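Single-structure report; data block below.
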Protein chains: 2
Amino acid sequence: MRPLLDYRADFPILEHTTYLINHSLGAMPRAAEERVAEYARTWRERGIRAWGEGWWEMPRTVGDQVGRIVGAPAGSTVMHQNVAIAEAIVLSCFQPTPARNRVVYERGNFPSVRYLYQARADLDVVVCEDDGGIVDAIDERTLLVPISHVLFKSGEIQDVERIVRRAHDAGAHMILDAYQSAGIVPLDVTALGVDFAVGGSVKWLCGGPGNGWLYVRPDLAERLEPTFTGWQAHEQPFAFEEEMRYAEGAARFLTGTPNVPALYAGTAGYDLIEEIGVERIRANSLRQTDLLLELADAAGFGVASPREHARRGGTVTVHVDEFPAVHRELAERQILCDFRPGAGIRIGPHYFTSDDELRHVVAQIAEIVETGAYVRHLGAVARH
Amino acid sequence: MRPLLDYRADFPILEHTTYLINHSLGAMPRAAEERVAEYARTWRERGIRAWGEGWWEMPRTVGDQVGRIVGAPAGSTVMHQNVAIAEAIVLSCFQPTPARNRVVYERGNFPSVRYLYQARADLDVVVCEDDGGIVDAIDERTLLVPISHVLFKSGEIQDVERIVRRAHDAGAHMILDAYQSAGIVPLDVTALGVDFAVGGSVKWLCGGPGNGWLYVRPDLAERLEPTFTGWQAHEQPFAFEEEMRYAEGAARFLTGTPNVPALYAGTAGYDLIEEIGVERIRANSLRQTDLLLELADAAGFGVASPREHARRGGTVTVHVDEFPAVHRELAERQILCDFRPGAGIRIGPHYFTSDDELRHVVAQIAEIVETGAYVRHLGAVARH
């Protein structure tokens, strides 16, 4: 088994940057560069032949690879540009009625997901403060329950099992947004029994932008008929038939022409996650976020993210005074992380992060606070 | 001014293939390869900084470039994965009522567009045989008129002006699918006064898959509110606000995270179209399709595409007996084109095609027919 620190060589940015922002844009694996070159080479040399030689199947073959990472069987996961699109397709499968038109969701949902449901006049949106509130709010009027596995702001893991159980008891469908968990927190969509799961590869999967994914529980995929559709969802797209006949499995949740260059770029990151395994990545993540918490405590920083393992995602948020300006100074020192208003500096190590890098970031924050090196950024930061 | 045949050096596939299928997958410009390498280099070296250094704006900056090609002002065109998505966003701006729920469209629309409207129980779809029929069918019950500028099967140009005028008289909105015209047939969405236009770059724009585009007439963009939306459509996406406040212009028709690698790959083709100009490309296209018609007539082939310039798109369809098998033999001889059931072999030269290549393809078809070289493919073709 390759030691995790060996994988540092696969991520060129680590040569000059302390990259602790994998919860936002995961670092690029070196092989992604070869993959996009392969995309261009295929288009250049094969031209139209490329469709028959793999391109057309890619939303499904790449979807199957993501599926293996999140516990989905082959044929149940497909690729889309992003989660907004994936979730709009799910929504298009349902016709709200006055008796069942409630969407029960969490205040902490990612904005795309909020906006999508809030924009619909025929939906009654119920906003809950936490996962416990979601369970309480679900009733027989509930149509859909879109929740996040790990909340994007706080990094807190939600109690998915209880929500799924309650949703199913009430005859509602549950959509799990696993954007902040897939690749860093173990997830088994089959074991959880979720109806739909969505996510993307900008973050922990290190697959870059343009790669959203959609899992549909196989028995649901047999009977649902999305109205947001396209020729790729047809059983025989190249017959150009006048009427839709939906394809089998998750393929019926596709739209039009696939997103080939993004799909090439994405798989290098998934290959590494598959090689290492999410359980091993999670063990290392818990060990390293424990270390971050220890270091933050020792430095006297506040901590604004969950301390319990069961609730902790891949990030740790540490709070110091004037943290936006401190964050700016960190960036100038080639230490990349981000911050969330009202919370603090968000640090997201991944399997290729060294413990020394974690000691380095905490020491640098302490040094920036002590020396007042952040002061020169106060004005610039306030302008945002 | 660079002679058109000089551009052959920009398309590597021409070195070994007679590439006459630009109506399906446009040949790759050499520079696309550098662009995708630049994508990887940016992700690799800049990491998260890339969003602020251009990535986030790309759906709009690349959209503006396509806009220049189709006569759209800056800020009115944005990029999406494909036309099904672009058109679903347009549809989500409207709430059909029993008094206005008709969608008047042509039998020849591309399947994605058909399926999208047919799937909706709240729409009354009226299918017309041709553009004259569309004009006749539009009335005060008509909500949307999605038509194609150039029909994908026959390559026939539609009378867009009359349809726009009739649609507007009746209070309906018109969506022009310019997938088969942008880059080969002059198009000015502003002069035509269309409400929406959509297209993609798989074909004549030579931008490859993953790049659909959506133009929204500027005055409409100020007041429409798509319900199929996402955080990219927000005026301040990075404020992560709880309520949607739509951005200005076509930006409000965006969804979630943009499709960065596809956008990098696409621009090489658009650069060349902008450099040459669509008027010049069209003049050459008419000259070359005239030549193809002459050659086909001389060889005694049937012709199944319009002969009048005003109705002729970028392709010519020639009919010979057993054309699917003839097409297969052409492919084995490294001559790429395609065929349409019931019509014939579809030939799509672009500005980098030489007249000799056109003489070559017609001579080869004649030779294949005369020698019976197609006979060995008859069984294989019939299996499809």
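So the values come out like this:
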{"read-out": "Alpha-carbon centroids, the stretch A:160-232 and the stretch B:227-282: separation in whole Å", "value": "26 Å"}
{"read-out": "Only Lys, Arg (+1) and Asp, Glu (-1) charged, at Cβ; the protein assembly as shown dipole about Cα centre in debye", "value": "180 debye"}
{"read-out": "Residue with peak Gaussian network fluctuation, chain A [Cα springs, cutoff 10 Å], from A:Gln232, A:Gln118, A:Gln180", "value": "A:Gln118"}
{"read-out": "Radius 10 Å from Cβ of A:Leu144, net charge of other residues (Lys, Arg +1; Asp, Glu -1)", "value": "0"}
{"read-out": "Cα Rg over Rh - the stretch A:233-320, Kirkwood", "value": "1.28"}
{"read-out": "Helix axis angle, B:323-332 relative to chain B longest principal axis, alpha carbon, degrees", "value": "90 degrees"}
{"read-out": "More than 18 Å apart - percent of Cα-Cα pairs taken over the stretch B:214-361", "value": "70 percent"}
{"read-out": "10 Å Cβ neighbours from other chains, averaged over peptide B:195-208", "value": "1"}
{"read-out": "log10 of Debye I(q)/I(0), alpha-carbon scatterers only, for chain A at 0.10, 0.11, 0.13 Å⁻¹", "value": "-0.68, -0.81, -1.08"}
{"read-out": "Expected 222 nm ellipticity per residue - DSSP helices of 4 or more, -39500 (n - 2.57), all of chain B, to 500", "value": "-11500 deg cm²/dmol"}
{"read-out": "Prolate/oblate/rounded call for the stretch A:54-275, Cα gyration tensor, a/c under 1.5 rounded", "value": "oblate"}
{"read-out": "Cβ charges +1 (Lys, Arg) and -1 (Asp, Glu), total dipole of chain A, debye", "value": "480 debye"}
{"read-out": "Acute angle (nearest 10 degrees) that the helix B:260-276 long axis makes with the longest principal axis of chain B, alpha-carbon atoms", "value": "60 degrees"}
{"read-out": "Exposure proxy ranking, count of Cβ atoms within 10 Å, fewest first, for A:Asp290, A:Asp338", "value": "A:Asp290, A:Asp338"}
{"read-out": "Residue among A:Thr317, A:Thr97, A:Thr190 with the largest mean-square fluctuation in a Gaussian network model of chain A, springs linking Cα atoms under 10 Å", "value": "A:Thr97"}
{"read-out": "Candidate lysines - alpha carbon under 29 Å from A:Lys203, same-chain residues fewer than 8 apart omitted", "value": "A:Lys153"}
{"read-out": "J(HN,Hα) series, the stretch A:9-21, from Karplus relation 6.51 cos²θ - 1.76 cosθ + 1.60, nearest Hz, glycine and proline x", "value": "5, 7, 10, x, 5, 5, 5, 10, 9, 8, 9, 10, 10"}
{"read-out": "Rule-of-thumb Rg ratio for the stretch A:1-135 [Cα; 2.2 N^0.38 Å; N residues]", "value": "1.45"}
{"read-out": "Span from the the stretch A:62-101 Cα centroid across to the the stretch B:6-80 one, whole angstrom", "value": "29 Å"}
{"read-out": "Relative exposure of A:Val303, A:Val90, judged by other C-beta atoms within 10 Å (fewest first)", "value": "A:Val303, A:Val90"}
{"read-out": "In order through the stretch B:289-306: 3J(HN,Hα) via Karplus (6.51 cos²θ - 1.76 cosθ + 1.60), integer Hz, x for Gly, Pro", "value": "6, 4, 4, 4, 5, 4, 5, 5, 4, 4, 7, x, 7, x, 10, 10, 9, x"}
{"read-out": "Largest-first principal axis extents of the Cα set of the stretch B:277-382 (Å)", "value": "44, 24, 22"}
{"read-out": "Computed magnitude of the charge dipole of the stretch A:54-275 (debye, nearest 20; Cβ of K, R +1, Cβ of D, E -1)", "value": "360 debye"}
{"read-out": "Cα-based helix-to-principal-axis angle, A:30-46 vs chain A, degrees rounded to 10", "value": "40 degrees"}
{"read-out": "Summed side-chain charge close to A:Ile368 - residues other than A:Ile368 whose Cβ falls under 13 Å, Lys, Arg +1, Asp, Glu -1", "value": "-3"}
{"read-out": "Around A:Phe11: net Lys/Arg minus Asp/Glu count, Cβ-Cβ under 9 Å", "value": "+1"}
{"read-out": "Relative compactness, the protein assembly as shown, computed as alpha-carbon Rg over 2.2 N^0.38 Å", "value": "0.98"}
{"read-out": "At 7 Å out from Cα toward Cβ: B:Ala283 inter-copy label distances (nm, ascending)", "value": "7.1"}
{"read-out": "Dipole-positive endmost among B:Ser148, B:Leu214, B:Gly171 within the stretch B:147-235 (Cβ charges, Cα centre)", "value": "B:Ser148"}
{"read-out": "Calculated label separations, B:Ala298, copies of the chain, 7 Å along the beta-carbon direction, nm", "value": "8.6"}
{"read-out": "7 Å along Cα→Cβ, label-point gaps from A:Arg107 to other copies, nm, shortest first", "value": "5.8"}
{"read-out": "Inter-chain shielding of B:284-292 (mean C-beta neighbours from other protein chains, 10 Å cut-off)", "value": "0"}
{"read-out": "Per-residue average of Cβ from other chains inside 10 Å of B:223-230", "value": "6"}
{"read-out": "Fluctuation leader among A:Gln334, A:Gln288, A:Gln81 - chain A, Gaussian network, Cα springs under 10 angstrom", "value": "A:Gln334"}
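Any read-out appearing in this document is the output of simple, stated calculations on the displayed coordinates, not a laboratory observation. Just so you know, these numbers come straight off a predicted model, no measurement behind them. Counting neighbours? That spans all protein chains shown, and the Cβs are built from the backbone with ideal geometry, glycine included.
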